[in-house]
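Q: First, the structure itself, so that you have it in front of you.
The values are calculated or read from the model by the stated rules, or taken from the named source; none is laboratory data. Since this is a predicted model, take the numbers as computed values, not measurements. So basically every Cβ, Gly included, is an ideal-geometry build from the backbone, and we count neighbours across all protein chains shown. These area figures cover heavy atoms from the full protein model, side chains too; ligands, DNA and RNA do not enter into them. Shrake-Rupley method; radii C 1.70, N 1.55, O 1.52, S 1.80 Å.
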Amino acid sequence: MIDDKQVDTIPADVVGKMPRRESRFLRWLGRVGMRLMGGWKINGELPNVKKAIIPVAPHSSNWDFPIGVFVMFALGMKLNYFGKKSLFRFPLNGLMRKLGGIPIDRSAANGVVQQMVEQFKKQPELVLVIAPEGTRKKVNEWKKGFIHIAQQARVPVVPVVMDYARKVIDIGPAIMIGHDIEVELKRVKGFFSHAVGKNPEYC
């Protein structure tokens, strides 16, 4: 939950209930799926924000996706992701959009960051999930696009940690991004320092 100090720093148009899917069946399916995937638990609560960027890490296995889907169902969250515009074609277009997909033109002059900033400005509710590492392989540096988007769109970053060692999903606080991109990236990454991925050698 957002405390009084956080409310002072998060823009008023962002404070509100996080978008939800009101489905008892999906919540039940999510809880069952988390048990079947190894008994995963959720630590923390979703912040009261209707716009946010959720970086999920560490990402070292294809198993991260189904676990993440079950967690999304269990929490009743309505999330979005962006994908290449060329993928949003018949017969997948309708399904991808229904699942929260946002088409992005990577060849556009204004770039991916600006396109997503515009999406945040247009949409009354938007929670974007990204994998900041950009790959399942070991990387020394995260991609900074999500930090730039959060800074320019004035929306918080909510870290979500997938820790295979504890079988726990840790939900972090809503973090507003300041002017120094490098400092803010380091601050966000700090929430993931304890986590162990499915394949630790890739983390």
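Q: If you roll a 1.4 Å probe over the heavy atoms of the protein chains, what accessible area per residue do you get for the chain, in Å²?
A: On a per-residue basis, 55 Å².
Q: Normalising by the residue count of the chain, find the relative contact order in percent from Cα pairs under 8 Å and 6+ residues apart.
A: Taking the mean separation of contacting Cα pairs over the length of the chain, I get 29 percent.
Q: So if I take the alpha carbon set of the chain, get Rg, then get Rh from the Kirkwood formula, what is the Rg over Rh ratio? Mind showing how you got there, number by number?
A: Working: Rg = 16.5 Å, Rh = 17.5 Å.
Taking Rg over the Kirkwood Rh, I get 0.94.
Q: Over 26 Å between Cα atoms, which of 98/189; 78/144; 122/189; 78/122; 98/198; 122/144 qualify?
A: Correct reply: 98/189; 122/189; 98/198.
Q: Given charges of +1 on the Cβ of Lys and Arg and -1 on the Cβ of Asp and Glu, with all other atoms neutral, how large is the dipole of the chain about its Cα centre, in debye to the nearest 20?
A: Charge dipole of the chain: 840 debye, to the nearest 20.
Q: Amide H neighbours of residue 125 under 5 Å, counting only residues 5+ apart in sequence or on other chains, H built in-plane at 1.01 Å?
A: none
Q: Name all residues of segment 38-75 having a backbone nitrogen under 16 Å from the label point set 7 Å from the Cα of residue 95 along its Cα→Cβ direction, giving them as ranges.
A: Output list for this probe position: 66.
Q: On full extension of the chain, what length is gained from residue 63 through residue 106, given 0.36 nm per residue of separation minus the C-alpha to C-alpha distance?
A: So the chain would gain 12.8 nm between residue 63 and residue 106.
Q: DSSP loop (so not H, G, I, E, B), at most 13 other Cβ within 10 Å: list which GluC sites (Glu not before Pro) in segment 36-126 pass both filters.
A: Filter output for segment 36-126: 45.
Q: In the chain, if the dipole is taken from +1 on Lys/Arg beta carbons and -1 on Asp/Glu beta carbons about the Cα centre, which of 176, 157, 30 is farthest to the positive end?
A: Farthest towards the positive end: 30.
Q: Now a separate question. Any chance you could list P(r) for segment 1-109, counting all Cα-Cα pairs in 5 angstrom bins from zero, rounded to whole %?
A: Histogram of Cα-Cα distances, whole percents per bin: 2, 10, 15, 18, 20, 16, 11, 5, 1, 0.
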